[in-house]
Amino acid sequence: LGSGAGSVWNANSWHWEEKNYKIWAQNRFKELLLGLSFTHNSWRIYLDSITEIKNSASVMIRKGKTILLFEFEVDASWKANKDDKEESGTLKIQEFNQDEADEIIIMAEPSKENDESWAIKIFLQKEAKAQIVQIVNQFANEFKELESNQAKLAEDRNKRKEEEDKRKAAIEQNSAEQERLSKLAQEREEVLKKANQENKPIQVEDNKAQGSVWNAGSYFWEEKSVNWAADRLKELIKMIHFEIPAGNISITEVNLQGDASISIRKAKKIVTYSYIIDVKWVGKIFDGEGNELRSCKGTVHLPDVSMDVEPNFEVQIKIDEPGPENELIKYYMDAQGKPAIISQIQTFIQELKNS
């Protein structure tokens with residue numbers, strides 16, 4: 001994830017946009033795989049050729065951020081040499097995506113059955129997996145670097161400016177075309193509104209999702225409404241109240257900046273969220289008869305609650321007035337309040353993913 005640059009029509013890179021990197025990804029992943037070699041019981045084992053790669057790779061732009069997506073399924077042949085001996089066979093890396101690098105499955109078969117070829121097969125399926133996972137991670141890092149390259153982004157911005165100038169000139173010369181485009185946009189908006197009115201959100205599992213009736217096979221980008229998200233996150237945090245020795249601490253106010261979104265692409269759900277959270281809290285100490293002896297007010301600031309840092313959210317806890325008694329209450333807010341807030345945020349994230 002990172003800052004992204006959309007096309008000329010995509011003002012401020014706000015709307016969903018897909019950039020296709022399939023050819024680059026196919027060539028680069030093939031190059032990385034063919035550079036692999038292994039050593040096992042004095043055998044030198046390497047991938048001799050890539051017979052087929054089924055893949056997709058794309059960059060999604062939304063609200064100035066990028067989401068990198070890729071899928072691969074690979075068929076290859078391998079060879080092994082030791083002294084004057086040679087063994088060979090096939091290798092298949094079963095389909096995986098950007099979230100499954102550590103879970104890839106490798107199937108190897110020898111061209112002829114014997115004890116040595118069988119040992120190489122087992123090695124490739126189990127022990128060689130770690131090196132192939134490293135290759136997948138290297139590819140992911142290069143993909144991210146490719147898209148976030150600052151020189152490329154600057155070049156893209158210049159190209160977009162040139163295209164924008166051309167577009168403005170064309171629109172000024174052809175008002176009829178401008179009117180036609182506006183009408184098409186209005187018609188599409190009406191279709192989306194009607195579809196949203198007719199279809200309730202569908203509960204999904206395992207990241208599978210179903211789009212609206214106009215979205216055949218849930219293949220195209222479609223953004224679902226999550227207008228409830230901010231209020232629900234506030235509600236969950238506001239519910240926090242816990243006991244401390246001779247007193248209690250409760251949340252009195254929650255303020256949010258940011259938003260959340262759920263989009264569907266190729267029948268998969270993509271959940272994004274980014275918030276800055278500010279919380280006010282109060283801690284109270286009572287005597288044995290329930291009379292309030294002391295109170296302490298403070299704040300909690302979470303500067304980045306987003307999928308970029310989940311679940312390692314930074315939590316800053318402060319008290320309004322320093323002092324030994326208030327520091328003690330702050331200690332309990334650190335010890336009990338901080339994990340309670342993170343727990344409620346995790347509950348919110350799970351509800352968002354399940355919605």
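Data overview
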quantity: Linear extension gain, ILE342 paired with GLN134, 0.36 nm per residue minus alpha-carbon span; calculated: 71.7 nm
quantity: Computed FRET value (nearest 0.05) for SER306 with ASP84, which takes r as the C-beta separation and R₀ as 51 Å; calculated: 0.30
quantity: Environment charge of GLY323, counting only residues whose C-beta is closer than 11 Å and scoring Lys/Arg +1, Asp/Glu -1; calculated: -2
quantity: Additional length obtainable on full extension of the chain from ASN141 to GLU223, 0.36 nm per residue less Cα span; calculated: 26.8 nm
quantity: Förster radius 35 Å - calculated FRET efficiency between GLU109 and ILE23 (Cβ-Cβ, nearest 0.05); calculated: 0.75
quantity: Amide H contacts of ASN248 (H built 1.01 Å from N, under 5 Å, at least 5 apart or other chain); calculated: LYS284
quantity: Amide H contacts of GLN98 (H built 1.01 Å from N, under 5 Å, at least 5 apart or other chain); calculated: PHE70
quantity: Greater than 19 Å apart at Cα, pairs in LYS30/LYS126; LYS129/LYS269; LYS234/LYS280; calculated: LYS30/LYS126; LYS129/LYS269
quantity: The range 233-288: relative contact order in percent, alpha carbon pairs under 8 Å with at least 6 residues between; calculated: 37
quantity: Under 5 Å, built H, 5+ apart or other chain: amide partners of LEU36; calculated: LEU47
quantity: The range 69-82 - phi-based ³J(HN,Hα) in whole Hz, Karplus 6.51/-1.76/1.60, Gly and Pro as x; calculated: 10, 8, 9, 9, 9, 10, 10, 9, 10, 10, 9, 9, 10, 8
quantity: Cβ-Cβ FRET estimate between HIS40 and ASP75, R0 fixed at 22 Å, reported to 0.05; calculated: 0.55
quantity: Highest to lowest packing among 41-51, 269-279, scored as the average C-beta count within 10 Å; calculated: 269-279, 41-51
quantity: Cα centroid separation - the range 32-89 against the range 246-288, whole Å; calculated: 43
quantity: Square roots of 5 times each gyration tensor eigenvalue, C-alpha, the range 221-355, largest first, Å; calculated: 35, 13, 11
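Since every read-out is calculated from the coordinates, none of them should be taken as a lab result. None of these values were measured; they are calculated from a predicted model. Counting neighbours? That spans all protein chains shown, and the Cβs are built from the backbone with ideal geometry, glycine included.
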